[in-house]
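In what follows, a single structure is set out as structure tokens and then discussed.
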Amino acid sequence: MLVLAVAGFLVSEVRAQVAVPAGRSIEPAWQAERAFHLNRIMERARASFNDTLLKVQIGTLAPIDVDATRQAVAQMDALVKADSVRTSRPAKTGQEIAALRIKLAEALNALDLAAVKFDNGMITTKSINDAYLDVINLLLS
């Protein structure tokens with residue numbers, strides 16, 4: 001469902017490129033969208049951490065490293081907070097933003113797949129944490 005939302009943003013971006021007069025930037029809209037995605041990913045990472053704690057409490061057979069997940073969430077949180085206090089960001093063109101949205105959709109799909117695999121004990125906590133960090137780093141680039 002999130003992929004559809006990103007695709008919807010992509011379509012609206014293409015329309016916005018046509019409708020934006022020369023000399024005006026679509027950058028503020030991208031920054032708002034970027035902040036939205038960062039908040040959603042952080043909420044999702046925290047929820048995943050809570051689910052991991054629950055799995056440990058009920059005693060699943062999969063080896064789960066809670067400390068690594070706690071550290072990964074703290075690292076993601078620190079990255080997002082450090083980015084929020086930055087005063088300047090490199091401006092992106094409409095084409096760069098469109099390409100970034102496509103990469104974001106792919107990263108979110110990979111994260112969804114990793115979450116399913118983790119829930120079924122097919123990958124380690126490091127793999128799911130790396131998937132979250134990939135999305136965060138993509139948005140912060």
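Data for the structure
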| item | result |
| --- | --- |
| Those residues of the stretch 111-141 which are assigned to a loop (DSSP other than H, G, I, E, B) and under 26 Å from residue 98 (Cβ atoms), in sequence order | 141 |
| Answer residue from the stretch 104-141, given it is of a type in the set (A, V, I, L, M) and over 14 Å from the mean Cα position of the chain (by Cα) and is least open to solvent (accessible area, probe 1.4 Å) among those | 123 |
| Residues satisfying the stated conditions in the stretch 84-99, i.e. among the aliphatic types (A, V, I, L, M) and either open to solvent by less than 40 Å² (accessible area, probe 1.4 Å) or in contact with a strand residue (DSSP E or B) (Cβ under 8 Å, 6 or more places away or on another chain) (or both) | 97, 98 |
| Subset of the stretch 36-83 [more than 23 Å from residue 113 (Cβ to Cβ), open to solvent by 40 Å² or more (accessible area, probe 1.4 Å) and either assigned to a loop (DSSP other than H, G, I, E, B) or touching a residue at least 40 places away in the same chain (Cβ under 8 Å) (or both)] | 59 |
| Of residues in the stretch 15-32 being at pLDDT 50 or above and either in contact with a helix residue (DSSP H, G or I) (Cβ under 6 Å, 6 or more places away or on another chain) or closer than 29 Å to residue 70 by Cβ (or both), the one least open to solvent (accessible area, probe 1.4 Å) | 30 |
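The values are calculated or read from the model by the stated rules, or taken from the named source; none is laboratory data. All values reported here derive from a predicted model rather than from experimental measurement. In this analysis, Cβ positions are derived from the backbone assuming ideal geometry, glycine residues included, and neighbour counts consider all displayed protein chains. The area values use the complete protein model at the heavy-atom level, side chains included, leaving out ligands, DNA and RNA. Shrake-Rupley method; radii C 1.70, N 1.55, O 1.52, S 1.80 Å.
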